[in-house]
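Let me begin by presenting the structure, written as structure tokens, before commenting on it.
The values are calculated or read from the model by the stated rules, or taken from the named source; none is laboratory data. Keep in mind that this is a model prediction, so the values were computed, not measured. Neighbour counts run over all protein chains shown; Cβ positions are idealised from the backbone, glycine included.
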Amino acid sequence: MRLLILAAHPDDAEISIGGTILTHTLNGDEVYLLNFTNGEPTPNGTVEKRMAEAEESGRILKLQKRIVMDLPNRYLQDTIENRQKVAEHIREIRPDVLLVQYHVDQHPDHIAASELGTAARFYAKLTKTEMKGEPFYPPKLLYYYTPHFKYIPQPSFVLPFSEEVFREKIKAVQAYESQFVHKNRDIPEFLKVMGKQFGMRINRPYAEPFYTPEVLGIENMQNIIW
């Protein structure tokens with residue numbers, strides 16, 4: 001299976017679905033991560049440092065490839081031009097599953113990333129266009145949560161993972177040292193609480209939530225996790 005994750009900033013996907021990423025890469029699946037921005041400026045980061053941190057995080061999660069676009073941090077917009085740029089990456093990678101940030105969020109970049117990613121999926125299938133690559137429409141679109149609002153997501157489903165995978169997820173998040181020095185230094189404990197909360201609902205150590213506006217099918221009743 002080939003997965004493509006769209007994220008506004010480096011560290012968005014690692015924080016939200018790092019366990020899912022590593023679960024799939026350990027299973028032999030190809031996971032690609034497309035960051036719309038490099039995440040700078042921030043109080044304690046530089047472009048060079050953020051890229052080095054992203055590389056280390058990707059190594060821990062065994063990403064097939066990370067692509068960092070040059071769209072502006074803090075000013076990300078869902079424009080026609082940006083849709084076409086993202087759609088060209090979708091055409092090149094041709095994922096089985098496209099994962100996009102959920103739109104209910106306080107961060108303007110996250111909201112724009114949700115709208116941009118959703119629209120780019122549609123644009124990727126267009127014919128009679130000047131976009132590079134052959135038309136392609138990712139068959140599955142899923143949303144993951146990166147909210148700055150203080151609320152508990154009500155997901156369509158959750159994906160479980162082990163204690164060992166959770167420890168590697170935390171390492172991947174902590175690779176972003178510039179972002180977790182001051183007010184965000186307690187994020188490992190936050191991720192542990194959230195991961196266990198969703199894991200408890202299906203009697204697993206940890207899990208991460210996802211949303212889909214479409215009906216989600218299952219192969220058989222035997223594989224339902226309670």
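Here are a few things to note about the model shown:
- Residues (crowded, with 17+ Cβ neighbours inside 10 Å, of a type in the set (Ser, Thr, Tyr) and farther than 15 Å from Thr37 by Cβ) located in region 84-140: Tyr102, Thr118, Tyr123
- Scanning region 74-83 for residues that are part of a loop (DSSP other than H, G, I, E, B) and either modelled with pLDDT under 95 or farther than 18 Å from Val100 by Cβ (or both) yields a count of 2.
- Restricting region 49-73 to residues that are part of a helix (DSSP H, G or I) and in contact with a helix residue (DSSP H, G or I) (Cβ under 7 Å, 6 or more places away or on another chain), the residue that is surrounded by the most Cβ atoms within 10 Å (Cβ to Cβ): Leu61
- Within the option set Pro138, Pro147, being in contact with a Pro (Cβ under 8 Å, 6 or more places away or on another chain), of a type outside the set (S, T, N, Q) and modelled with pLDDT of 95 or more holds for one residue only, Pro138.
- Answer residue from region 119-159, given it is in a loop (DSSP other than H, G, I, E, B) and of a type in the set (Phe, Trp, Tyr) and is farthest from Glu208 (Cα to Cα) among those: Phe136
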